Amino acid sequence: MFDQQHVLDPALRADDAEELFRLTVAAYSGDEPEEQHFLPADLESILPGRYLAAILSSVDRSKLSGHDVVRLLQADERLVSHANARYYADIAEVAHAYDPDTTARDSFPVESAVEEVQTALGKTRRAAEMETRPRPRPAGSPTRR
């Protein structure tokens, strides 16, 4: 699959769907049943996004060494955290958008924010409230100034 010494070309990190598809197909072709796979040497420096997702989805975990499985887990966690951050940023935008036809935002959450999130995501009211409500800071955590 990936050669252990291979360093990915930064030019290939573009959001070009055809190129990502080509890389994924190339990664799958030529696999032999007992072949050990290697992750890219610069996996830790690849930013979360479609390129990282394409690499992670093309890996056969059963053909990785124990060390590479740990690196894969860390990369998966980076991708999940990135997706979660986008998800909560989207909820915040919904909560502050008061006019459906403009980009205008209010500095405080609008009254219908919970209902908007509830309807958009098909959640119960309680679940939408939990998603929309700001999270309390743990005791002893630093505050922003």
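Can you classify region 37-145 as rounded, prolate or oblate using the Cα gyration tensor, where a ≥ b ≥ c are the square roots of its eigenvalues, rounded means a/c under 1.5, and otherwise it's prolate if a/b beats b/c and oblate if not? The shape class here is prolate.
Y88 contributes about 100 Å² of solvent-accessible surface, heavy atoms of the protein only, 1.4 Å probe. Using the Cβ-Cβ distance between E111 and D90 with R0 = 25 Å, the FRET efficiency computed as 1/(1 + (r/R0)^6) comes to roughly 0.85. Counted by Cβ distance under 14 Å from V117, the other residues give a net charge of -3, where Lys and Arg count +1 and Asp and Glu count -1.
Spin-label model, T102/R126: points 7 Å from Cα along the beta carbon direction are separated by 3.8 nm.
In plain terms, the chain from S65 to V80 could stretch by 3.2 nm, reckoned as 0.36 nm per residue minus the Cα-Cα distance. Computed from backbone phi with θ = phi - 60° and the Karplus coefficients 6.51, -1.76 and 1.60, the 3J(HN,Hα) list for region 113-129 is 4, 4, 5, 4, 5, 4, 5, 4, 9, x, 9, 6, 4, 4, 5, 5, 4 Hz; x is used for glycine and proline.
The values are calculated or read from the model by the stated rules, or taken from the named source; none is laboratory data. Note that the structure is predicted; figures quoted are calculated from it, not measured. FYI the Cβ positions are ideal-geometry reconstructions off the backbone, even for glycines, and counts take in every protein chain you see. Note: areas computed on protein heavy atoms with side chains; ligands, DNA, RNA excluded. Shrake-Rupley method; radii C 1.70, N 1.55, O 1.52, S 1.80 Å.
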